[in-house]
1. So, in the stretch 4-34, exactly how many residues are among the charged types (D, E, K, R) and either modelled with pLDDT under 90 or within 15 Å of SER123 (Cβ to Cβ) (or both)?
2. Can you go through LEU50, LEU14 and tell me which one is open to solvent by 50 Å² or more (accessible area, probe 1.4 Å) and assigned to a helix (DSSP H, G or I)?
3. Could you grab me the full set of residues in the stretch 8-52 that are more than 21 Å from TYR81 (Cα to Cα), of a type in the set (A, V, I, L, M) and in contact (Cβ under 8 Å) with a residue 24 or more places away in the chain?
4. Quick one: PHE45 ticks every box in (1) more than 20 Å from SER132 (Cβ to Cβ); (2) surrounded by fewer than 18 Cβ atoms within 10 Å (Cβ to Cβ); (3) of a type in the set (A, V, I, L, M, F, W, C); (4) under 10 Å from the mean Cα position of the chain (by Cα) except a single one, so which number is it?
5. Give all pairs with beta carbons closer than 6 Å in which a residue from the stretch 75-86 that is on the phi > 0 side of the Ramachandran plot meets a residue that is assigned to a helix (DSSP H, G or I); count only pairs at least 6 apart in sequence or on separate chains.
6. Specify the residue that is farthest from the chain's Cα centre (by Cα); the eligible residues are those in the stretch 98-140 that are of a type in the set (S, T, N, Q) and open to solvent by 60 Å² or more (accessible area, probe 1.4 Å).
7. Report yes if VAL127 is assigned to a helix (DSSP H, G or I), in contact (Cβ under 8 Å) with a residue 12 or more places away in the chain, closer than 27 Å to ALA6 by Cα and of a type in the set (A, V, I, L, M), otherwise no.
Amino acid sequence: MLDGLALFALILLLFNMMYFQVTSPTFLLVSLEIPTVTTLLRGQFWYYYLSLGLAAVIATFAFAVSGRPVVAVGIAVIAAYAVISRKWFRKHMDAELAARDSGDRSAVRRLRRLHWIGMLSHSIALVALLVSIPYLNLFPA
C-alpha cells in the first residue's frame with residue numbers, strides 16, 4: 001500500500017514536470033511584446049512552480065511514510081527549488097514586465113532570457129529526477 005502511494009506520488013510529480021517541459025517551449029514561437037502572451041507566460045511559471053511544490057511535498061511525505069527517507073530528502077529539495085523559483089521568477093518577471101510597459105525596449109530580451117533560464121533550470125531538475133528513478137527502489141523484491 002505504501003509503495004503504491006510512493007509510486008502514485010512520483011507519477012504525479014513527473015506528470016507535472018513533463019507538462020511544463022512540453023508547454024513552455026511554445027512561448028518561444030510568439031512575441032513577448034504582446035501583453036496577453038506575457039500574462040500567460042507569467043501565469044504558467046507562477047502556477048507551475050506552485051503545483052510542482054505541492055506535488056513535491058506530497059511525494060516527499062509519501063516516500064517518507066514508505067520508509068525511503070533519502071528519497072524523501074531528495075524530493076524535498078525539488079519542493080524547495082519550486083518555492084524559491086516561484087518567488088524568484090515572479091519578482092524578476094514583474095520587474096521586466098513593468099520595464100517593458102514603461103517603454104524599455106530591451107525588457108523583452110530580458111523576459112526571453114528569463115524564459116530560457118526557467119526552461120533550463122526546470123530541465124536540470126527533471127533530468128535529475130529521471131536519472132534517479134532506477135535507484136528509488138519502488139519495486140522491492
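The values are calculated or read from the model by the stated rules, or taken from the named source; none is laboratory data. Only a predicted model underlies this, so the values are computations on that prediction, with no experimental measurement involved. In this analysis, Cβ positions are derived from the backbone assuming ideal geometry, glycine residues included, and neighbour counts consider all displayed protein chains. Accessible surface areas use protein heavy atoms only, side chains included; no ligands, DNA or RNA. Shrake-Rupley method; radii C 1.70, N 1.55, O 1.52, S 1.80 Å.
1. At the first step, the residues of the stretch 4-34 found to be among the charged types (D, E, K, R) are 33.
After this cut, where a residue has to be either modelled with pLDDT under 90 or within 15 Å of SER123 (Cβ to Cβ) (or both) as well, the list is none.
Residues that pass the stated criteria total 0.
2. Values: LEU14 fails: open to solvent by 50 Å² or more (accessible area, probe 1.4 Å).
Answer to the check: LEU50.
3. Matches in the stretch 8-52: LEU28, LEU32.
4. (2)
5. That search, which allows pairs on different chains as well, returns nothing.
6. In the first step, residues of the stretch 98-140 are kept if they are of a type in the set (S, T, N, Q); the result is 102, 106, 121, 123, 132, 137.
Subsequent filtering for residues that are open to solvent by 60 Å² or more (accessible area, probe 1.4 Å) retains 102, 137.
Numbers: SER102: 29, ASN137: 24 Å.
Only one residue fits best here, namely SER102.
7. Numbers: assigned to a helix (DSSP H, G or I): yes; in contact (Cβ under 8 Å) with a residue 12 or more places away in the chain: no; closer than 27 Å to ALA6 by Cα: yes; of a type in the set (A, V, I, L, M): yes.
In short, no.
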